[in-house]
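K.L.:
Dumping the structure here so I can ask a few things about it.
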Amino acid sequence: MNYINSPIEQISFNNQKYFVKRDDLLNKDFSGNKARKFYYFLKNDFPEVKKVISFGSAQSNAMYSLSVLCKIKGWKFDYYVDHIASYLKENPVGNYKFAKEFGMNIIEAEVPKSFKEDELFISEGGAVKEASFGIEILANEIKTWAEENQIKNLKVFLPSGTGTTSLYLQKFLPFEVLTCSCVGDDEYLEKQFLELEKSNFPIILKKEKKYHFGKLYKELYEIHNELLKQTNIEFDLLYDSLGWICLDKYTKNLRNRDFEILYIHQGGLLGNISMKERYSFKFDKKEENRLC
Ligand SMILES: *Cc1c(COP(=O)(O)O)cnc(C)c1O
């Protein structure tokens, strides 16, 4: 099975040229930046481990990818959440549905404070030092591609959650890495960087307004649909929509651009299923009603 070496494509969006690293195409079940972050656990042997323990939201991409990892490795998987919405329990969808099918044991309770010797604890969203292993491979793929295509001036953009991926990319790349915060504010993201490294942080592009993670915003839905229309690539609604709003603005404000931009598509498309339902219900219906 191949879990590395994703293709890079050239696209045009709002009359600007970009390259896109298609990490969404790494593998059918194990893709995106979670596949990169958990590659260390996939590739190495852990004879003592029988179970993985993690926590986070009941719709998280990391949760789903961990369920796939555990299935491949023959490990049990306990995943702790604060709360599972009743509509989700009744109508399982997206990451939640598929993680359960892969054998996840989801528990509504506090994460245990201590672990047994055969238990491997992975913190929320895969914000762990071990993530650097797979992200270094991603960085090397980018370096090789840039060399082969004689691209000397490159900036790499990717939206951040915990910031683990953008931080380690900056660590291993000779190019500038740009990002934006999607889960917390910019101060939160800087704190997250500091948890893992002391310096050499990606540049955080500023947002025009505050966005609450997981909430619906018309412009996020619009740019998602516009990207799909112009590039034929489906991007994720939680991170990429906001990422593209920031990047589009950044690119438009450049007088003359003397570098190429590589956008990292970090997967997350299973999470889109429920997001699209919510967006469509909120915004598409209204359009129809207005016509009536
Ligand atoms: C997890 C995730 C992110 C955020 O990655 P971090 O390493 O936590 O910053 C971004 N995009 C997608 C699609 C993700 O699944």
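K.L.:
Of the conditions (1) within 27 Å of residue 125 (Cβ to Cβ); (2) surrounded by fewer than 21 Cβ atoms within 10 Å (Cβ to Cβ); (3) not polar (S, T, N, Q), residue 236 clears all except one; give me its number.
P.N.:
Residue 236 satisfies every listed condition except (2).
K.L.:
On to the next question. Hey, can you tell me all the residues within the stretch 239-272 that are of a type in the set (S, T, N, Q), without any contact (Cβ under 8 Å) to a residue 60 or more places away in the chain and surrounded by fewer than 21 Cβ atoms within 10 Å (Cβ to Cβ)? Steps first, answer last, please.
P.N.:
Filtering the stretch 239-272 for residues of a type in the set (S, T, N, Q) gives 241, 251, 253, 256, 266, 272.
Now restrict to residues that are without any contact (Cβ under 8 Å) to a residue 60 or more places away in the chain: 241, 253, 256.
Scanning the stretch 239-272 gives 253, 256.
K.L.:
With 21, 28, 17, 37 as the choices, which residue is closer than 30 Å to residue 260 by Cα and modelled with pLDDT under 95? Quick ask: steps written out before the conclusion?
P.N.:
Working: 21 fails: modelled with pLDDT under 95; 17 fails: modelled with pLDDT under 95; 37 fails: modelled with pLDDT under 95.
Selected residue: 28, the only one of 21, 28, 17, 37 that is closer than 30 Å to residue 260 by Cα and modelled with pLDDT under 95.
K.L.:
For residue 101, are the conditions met, namely being outside the structural domain of residue 192 (by TED's automatic domain parsing), farther than 25 Å from residue 162 by Cα, out of contact with any His (no Cβ under 6 Å at 6 or more places or on another chain) and not hydroxyl-bearing (Ser, Thr, Tyr)? Explain how you work it out, then say what you get.
P.N.:
Details: outside the structural domain of residue 192 (by TED's automatic domain parsing): yes; farther than 25 Å from residue 162 by Cα: yes; out of contact with any His (no Cβ under 6 Å at 6 or more places or on another chain): yes; not hydroxyl-bearing (Ser, Thr, Tyr): yes.
Spelling it out, residue 101 is indeed outside the structural domain of residue 192 (by TED's automatic domain parsing), farther than 25 Å from residue 162 by Cα, out of contact with any His (no Cβ under 6 Å at 6 or more places or on another chain) and not hydroxyl-bearing (Ser, Thr, Tyr).
K.L.:
Report, by residue number, each residue of the stretch 159-180 that is among the aliphatic types (A, V, I, L, M) and within 11 Å of the ligand (Cβ to nearest atom). Quick ask: steps written out before the conclusion?
P.N.:
Taking the stretch 159-180 as the starting set, the residues that turn out to be among the aliphatic types (A, V, I, L, M) are 167, 169, 173, 177-178.
Within the stretch 159-180, 167, 169 qualify.
K.L.:
Inside the stretch 147-194, can you point out the residues that are farther than 23 Å from residue 241 by Cβ and β-branched (Val, Ile, Thr)?
P.N.:
Scanning the stretch 147-194 gives a single hit, 151.
K.L.:
Scanning for something acidic (Asp, Glu), within 14 Å of the ligand (Cβ to nearest atom) and either outside the structural domain of residue 284 (by TED's automatic domain parsing) or in contact with a helix residue (DSSP H, G or I) (Cβ under 8 Å, 6 or more places away or on another chain) (or both), does the stretch 181-201 turn up at least one residue?
P.N.:
yes
K.L.:
I would also like to ask the following. Quick one: how many residues across the stretch 132-160 are of a type in the set (A, V, I, L, M, F, W, C) and more than 22 Å from the chain's Cα centre (by Cα)?
P.N.:
Initially, the stretch 132-160 is screened for residues of a type in the set (A, V, I, L, M, F, W, C), giving 133, 135, 137-139, 142, 145-146, 151, 154, 156-158.
Narrowing further to those that are more than 22 Å from the chain's Cα centre (by Cα): 146, 151.
Looking only at that region, the number is 2.
K.L.:
Would you check which residues across the stretch 200-213 are surrounded by 14 or more Cβ atoms within 10 Å (Cβ to Cβ) and assigned to a loop (DSSP other than H, G, I, E, B) and list them?
P.N.:
Initially, the stretch 200-213 is screened for residues surrounded by 14 or more Cβ atoms within 10 Å (Cβ to Cβ), giving 201-205, 207, 211.
The answer is 201, 202, 205, 207, 211.
K.L.:
Determine which member of the set 95, 61 is surrounded by 20 or more Cβ atoms within 10 Å (Cβ to Cβ) and under 21 Å from residue 157 (Cα atoms). Give the derivation first.
P.N.:
On the way: 95 fails: under 21 Å from residue 157 (Cα atoms).
Sole residue among the options that is surrounded by 20 or more Cβ atoms within 10 Å (Cβ to Cβ) and under 21 Å from residue 157 (Cα atoms): 61.
K.L.:
Sticking with this one: Considering only residues of the stretch 155-199 that are among the polar types (S, T, N, Q) and in a loop (DSSP other than H, G, I, E, B), which is surrounded by the most Cβ atoms within 10 Å (Cβ to Cβ)? Let's see the steps before the verdict.
P.N.:
Here is the first cut: in the stretch 155-199, the residues among the polar types (S, T, N, Q) are 160, 162, 164-166, 170, 179, 181, 192, 199.
Remaining after also requiring in a loop (DSSP other than H, G, I, E, B): 162, 199.
On the way: 162: 24, 199: 7.
The qualifying residue surrounded by the most Cβ atoms within 10 Å (Cβ to Cβ) is 162.
K.L.:
Can you tell me how many residues in the stretch 47-91 are in a loop (DSSP other than H, G, I, E, B) and either of a type outside the set (Lys, Arg) or within 16 Å of the ligand (Cβ to nearest atom) (or both)? Outline the logic, then answer.
P.N.:
Here is the first cut: in the stretch 47-91, the ones in a loop (DSSP other than H, G, I, E, B) are 47-50, 56-60, 74-75, 82-85, 91.
Cutting the leftovers down to either of a type outside the set (Lys, Arg) or within 16 Å of the ligand (Cβ to nearest atom) (or both) gives us 47-49, 56-60, 74-75, 82-85, 91.
Residues that pass the stated criteria total 15.
K.L.:
For residues in the stretch 216-273 being hydroxyl-bearing (Ser, Thr, Tyr), under 19 Å from the mean Cα position of the chain (by Cα) and in a helix (DSSP H, G or I), which is farthest from residue 23 (Cα to Cα)?
P.N.:
221
K.L.:
Under 8 Å by Cβ, and 6 or more places apart or on different chains, what pairs join a residue from the stretch 123-138 that is within 8 Å of the ligand (Cβ to nearest atom) with one that is basic (Lys, Arg)?
P.N.:
Close Cβ pairs satisfying both conditions: 126/34; 126/37; 131/36; 131/37.
The values are calculated or read from the model by the stated rules, or taken from the named source; none is laboratory data. This is a predicted model, so every value here is computed, not measured. Neighbour counts are summed over all protein chains in view; Cβ atoms, including those assigned to glycine, are modelled from backbone coordinates with ideal geometry.
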